[in-house]
Amino acid sequence: MPKVTVDGIELDVPDGATVLQACELAGKEIPRFCYHERLSIAGNCRMCLVEVKPGPPKPQASCALPAAEGQEIFTTTEMVKTAREGVMEFLLINHPLDCPICDQGGECDLQDQSIAYGKGHTRFEMNKRAVTEKYMGPVIKTIMTRCIHCTRCIRFAQEVAGVEEIGAVGRGENMEITTYLEHAAKSELSGNVVDLCPVGALTARPYAFEARPWELRKTPSIDVMDAVGTNIRLDSRGREVLRALPRINEDVNEEWASDKTRHAVDGLINGRLDQPWVRRDGILQPASWNEAFEAIASVAKRAGDKVAAIAGDLVEVEALYAAQKLLENMGSTLIEGRQTGMDYDASNLAAVNFNSTIAGIEEADAILLIGTNPRWEAPLVNTRLRKAVQAGAKMFAIGSEVDLTYAVEWLGNDASLAANLPKAVTDAFKDADKPAVIVGGGGLMVPGLQAASLALVDTLNLVRDGWNGYNVLHFSAARMGGLMLGWAQPGGTADLAAANPELLFLLGADGIDFDAFDGAFEIYIGHHGEAGAAHADVILPGAAYAEKSGTWVNLEGRVQRGDRAVFPPGDAREDWTILRALSEVIGEALPFDSLTELRAKIGEDFPALAEESLARFEWAPPKLDAPSPNGEIAYPIKDFYLTNAICRASEMMQRCSAELLHGQEFVEAAE
């Protein structure tokens, strides 16, 4: 480890560290625009200048200069101060005075650094240049006259998103950043360039001219658009969530978020259920809470223990537990959390978990994907897989071919391949130190494929000291939490239908086969008026994820909690409170009256859910007697942007689907 001195502070720095990183380890702030910790070094902006001895008597760019033994680094000398002022002066030559109308105002690196490191006046009186606007799609709004050519957006698109669709044309003052042929950026991670942009050149189109950052209430939460459990911050004003931004969590999402996570929030105000409804004479009619509860109670008395519950993909642990306890009090254990009919064996949680962990999958050196499209099912897992491939991992896949943004050897779309792997695959895994298999929802829907994939644990030596390479990639935020609570029947929803329940609770479940439950009295507890509400006999309006404090478990078994950002609309209530009130009317009162008491009960019955942590599951895979899998594998997600009720109610997600996936053209108004 080289020993360097930074402004008189002596310290050891890791091998390969740059001078900029050495300065930060010493607690010194170094201004920068082009440098970013997760991107390659460009050395464009020259704002990070420092003085280094021994070396030429001139300021040097610290981001691109390796730290070496015996260096003396100075960050506050007059030479450095003058150099930074000069760089800032040049950066501002052509930058327009848009701060009063710029959406970046208040959280702009250029604003902050011009105050901290600029001269405070300019000597230039020439006309500023202007750059024509570039269209980058429905997510990104461009004002390219503000661009300072830091190239962060280009490097992100190429290195992290893996979609080489943003680049630079021209040279010098004529250089312009644009998508190739000025088409829409089609990456599902494109919104991250807005966070990366240090000026107001790239801003969020859905958020344009909506609010200033100091007007917003900021609430930490957990994303429910997929099973990754992206840590997010919900920015709200009044009763409306205006935007969702990623929070840094190195183990989960680093500092990225998918476009669906960011921009589906407008769906929280569209198509909402805001009052109870009861079906009378075949027609749903508005009702009071008392009327709705009485209608349910009268059926519950007749139904006895012939009660069942099916949970949707967005439900939090608290609601699942409350519903489970209510059914137990009524004498039923008919609960199912896989609404689309999957019936894989969930008796051992390690056999349905992403055991390598999201961060750990980067270390894998041989990976086999079975029936999964991680780019759509879990975009931020896909970025980790891309890192593994870039580090030299060999990637194989069984399924229909899709562009995953990295090199993949496609073996075919026949499920039987899982039981008869080609020799090239077994040879690659034989030499691997950390082999991994990832089974997706498409694979789990094929009879016999779970058994075939578990057999690969021994065949490919996936589980060894300090490493478990068997992974299941879920795509629903409620899935792992439900499985930990026991929301799984051996035969899936078919088992529930075979039991002929007279009373059926639907917790945000919109994707079930409703014909199979024609004889049941259906109670829908949810937040959007979709298929579940249309088939229900009683509708009880619930709260969406942004409107309640909840616990979710991501695909690797990580227990995470989010806080309430806004209140639900109208008469809607948090799901667990609805179930608690209903239990009183039915005569099966639940033993908790507050969120704190509820979570304490959950912790007593399920200790792994008591606190935010990564749950550890003992590896004891079930011995499955199943036929050999065969036939084609179909991926469960057909449209990345329309996977749940919130997305389908979002005008922005509808537009993204129409434009980016289906080629519809939208005419932009002149500004």
Exercise. Work out the P(r) tail for the range 40-81: percent of alpha carbon pairs separated by more than 17 Å, whole number.
Key: 26 percent
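Quick one: grab the alpha carbon gyration tensor of the range 612-671, order the square roots of its eigenvalues as a ≥ b ≥ c, and give me rounded if a/c is under 1.5, else prolate or oblate depending on whether a/b is larger than b/c. If you can, show how the numbers build up before the last one.
On the way: a/c = 4.70, a/b = 2.01, b/c = 2.34.
Verdict is oblate for the range 612-671.
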Quiz item: Hey, got the Cα dimensions of the range 37-116 along the principal axes, in Å, largest first?
Solution: 48, 30, 19
Quiz item: Under the definition of Cα pairs under 8 Å and six or more residues apart, what whole-number percent is the relative contact order of the range 446-552?
Solution: 16 percent
Quiz item: Under a 1.4 angstrom probe, counting protein chains only, how are W410, W214 ranked by accessible area, largest first?
Solution: W214, W410
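Can you tell me how much longer the chain between A424 and I101 gets when fully stretched, taken as 0.36 nm per residue apart minus their C-alpha distance, in nm with one decimal?
Values: separation 323, 0.36 × 323 = 116.28 nm, distance 5.82 nm.
Extending this stretch completely gives an extra 110.5 nm.
Summarise the accessible area of the chain (1.4 Å probe, protein heavy atoms) by the percent that is carbon and sulfur.
After summing per-atom areas, the C and S share lands at 50 percent.
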Quiz item: Counting only the heavy atoms of the protein chains, how much of M47 is accessible to a 1.4 Å probe, in Å² to the nearest 10?
Solution: 0 Å²
Quiz item: How much area per residue is accessible in the chain when the probe is 1.4 Å and only protein heavy atoms are counted (Å²)?
Solution: 40 Å²
Exercise. Can you send over the solvent-accessible area of D266, 1.4 Å probe, protein chains only, in Å² to the nearest 10?
Key: 40 Å²
Quiz prompt | Förster radius 60 Å - calculated FRET efficiency between S347 and V169, Cβ distance, rounded to 0.05 | solution = 0.55
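Based on the alpha-carbon gyration tensor of the range 389-437 and its eigenvalue square roots a ≥ b ≥ c, which shape applies: rounded if a/c is under 1.5, prolate if not and a/b is larger than b/c, or oblate?
Details: a/c = 2.41, a/b = 1.09, b/c = 2.20.
Oblate shape, in that a/c is at least 1.5 and b/c is the bigger or equal ratio.
Using only the heavy atoms of the protein chains and a 1.4 Å probe, how would T340, T76 rank by accessible area, largest first?
Working: T340 80, T76 110 Å².
In descending accessible area the options line up as T76, T340.
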Exercise. Quick one: check the C-alpha center-to-center distance for the range 401-452 versus the range 557-628, whole angstrom.
Key: 34 Å
Exercise. Mind computing the radius of gyration and Dmax over the alpha-carbon atoms of the chain? Å is fine for both.
Key: 27.5, 90
Self-check item: Nearest-ten-degree value, helix 317-329 long axis tilted from longest Cα axis of the chain
Solution: 10 degrees
Exercise. Report the paramagnetic label zone for A531: residues of the range 225-266 whose backbone N is under 20 Å from a point 7 Å from Cα along the Cα-to-Cβ axis.
Key: 225-227
Self-check item: Estimated FRET transfer efficiency (K638, E665; beta-carbon r; R0 25 Å; 0.05)
Solution: 0.70
Quiz item: If ligands, DNA and RNA are left out, what is the accessible area of K325 with a 1.4 Å probe, given in Å² to the nearest 10?
Solution: 40 Å²
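For a Förster distance of 30 Å, can you work out the FRET efficiency between the beta-carbons of A391 and W619, rounded to the nearest 0.05? Write out the running numbers ahead of the final one.
Working: r = 26 Å, r/R0 = 0.86.
E between A391 and W619, to the nearest 0.05, is 0.70.
Take every Cα pair under 8 Å in the chain that's 6+ residues apart, average their separations, divide by the length, and report that relative contact order as a whole percent.
Details: 1422 pairs, mean separation 95.6, N = 671.
Relative CO of the chain lands at 14 percent.
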Exercise. For the range 464-511 and the range 245-315, write down the distance between their C-alpha centroids in whole Å.
Key: 17 Å
Quiz item: On full extension of the chain, what length is gained from E651 through Y180, given 0.36 nm per residue of separation minus the C-alpha to C-alpha distance?
Solution: 166.9 nm
Quiz prompt | Pairwise centroid distance, computed over Cα atoms, of the range 166-242 with the range 371-391, Å | solution = 21 Å
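Students sometimes get this wrong: rank R384, R46 by accessible area, probe 1.4 Å, all chains present, largest first.
Values: R384 10, R46 110 Å².
My answer, sorted largest first, is R46, R384.
Note the full-extension length gain between D274 and E604 as 0.36 nm times their separation in residues minus their Cα-Cα distance, in nm to one decimal. Write out the running numbers ahead of the final one.
Numbers: separation 330, 0.36 × 330 = 118.80 nm, distance 3.35 nm.
Working it through step by step, the gained length comes to 115.5 nm.
The values are calculated or read from the model by the stated rules, or taken from the named source; none is laboratory data. Worth saying up front: this structure is predicted, and the values here are computed from it rather than measured. When we count neighbours, we look across all protein chains shown, and the Cβ atoms used for this are built from the backbone with ideal geometry, even at glycine. Quick note on the areas: whole protein, heavy atoms, side chains included, nothing else; ligands and nucleic acids left out. Shrake-Rupley method; radii C 1.70, N 1.55, O 1.52, S 1.80 Å.
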